[in-house]
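**Student:** Can you keep this structure in mind? I'll have questions shortly.
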Amino acid sequence: MTTLENCKIIRLPQMKQPEGSLTPIEGSQDIPFEIRRVFYLYDVPGGAERGAHAHINQQQFMISVMGSFNVILKDGKDTKKYHMNRGFNGLYIPNMIWGEVEEFSSGGICVVLSSIKFDENDYIRDYDEFIRMKYCANSIS
């Protein structure tokens, strides 16, 4: 069963040069899955929260490419908060972890790499349902 211990900050490669830095990301090499989809969050109003869901199968990797934001992760027993503010650090989030994104700085941009293409059926949008699915499924296996 996935727990918060499976979530981690992964430092990405940096190519620093006088004219600016570059950070490449290769699926299954720099992050633990093949990249099937990329999306980004921007123009998030002050005080707004994003996320508030979990995924049945999808794994994600979140990066702050501009500004900062916080990611709150829950596994049904524990909660952990990550402050994302560096373009060379990404947060790996496996499936069956509840995630919320909050406190975007002005102009903050969050890029998310996903292990699967969009599938609405993969989303769990109710926290109580997440708890039921996570712990009932675990007791069956």
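**Student:** Helix-derived [θ] at 222 nm for the chain: sum -39500 (n - 2.57) over DSSP H runs of at least 4, divide by residue count, nearest 500?
**Tutor:** Helix contribution divided over all residues of the chain: -3000 deg cm²/dmol.
**Student:** Also: Taking a virtual spin label 7 Å from the Cα of Lys8 along the C-beta vector, which residues in segment 90-108 bring their backbone nitrogen under 14 Å of it?
**Tutor:** Flagged as within label range: 90-94.
**Student:** Excluding residues on the same chain fewer than 8 positions from Lys134, give the aspartates and glutamates whose Cα lies under 16 Å from its Cα.
**Tutor:** Counting by Cα, and skipping residues close in sequence, Lys134 has these aspartates and glutamates nearby: Glu5, Asp75, Asp78, Asp122, Asp126.
**Student:** Over 5 Å intervals from 0, what percent of Cα-Cα pairs in the chain sits in each interval?
**Tutor:** Per 5 Å bin, starting at zero, the Cα-Cα P(r) for the chain comes out as 2, 10, 19, 22, 21, 15, 7, 3, 1, 1, 0, 0 percent.
**Student:** Quick check for me: using +1 on Lys/Arg Cβ and -1 on Asp/Glu Cβ, what's the dipole size of the chain about its Cα centre, in debye to the nearest 20?
**Tutor:** Its charge dipole is roughly 300 debye.
**Student:** While we're on this one: Pop the C-beta distance of Ser106 and Met133 into the FRET formula with R0 = 41 Å and round what comes out to the nearest 0.05.
**Tutor:** So, using R0 = 41 Å, E works out to roughly 0.65.
**Student:** Now a separate question. Return one number: the angle in degrees, 0 to 90 and rounded to the nearest 10, between the long axis of the Cα atoms of helix 127-140 and the longest principal axis of the Cα atoms of the chain.
**Tutor:** 70
**Student:** Right, another one. Which of Tyr127, Phe33, Cys110 sits farthest toward the positive end of the charge dipole of the chain, with +1 on the Cβ of Lys and Arg and -1 on the Cβ of Asp and Glu?
**Tutor:** Comparing the listed Cα positions along the dipole, Phe33 ranks first.
**Student:** What does the charge add up to near Ile116, with Lys and Arg as +1, Asp and Glu as -1, over the other residues with Cβ less than 13 Å from its Cβ?
**Tutor:** It works out to a net charge of -1.
Taken together, the values in this text are just the output of simple stated rules run on the coordinates, not laboratory data. Given the structure is predicted, the values throughout are model-derived calculations rather than measurements. Methodologically, a virtual Cβ is constructed for each residue, glycine included, from the backbone with ideal geometry; neighbour enumeration extends over all protein chains shown.
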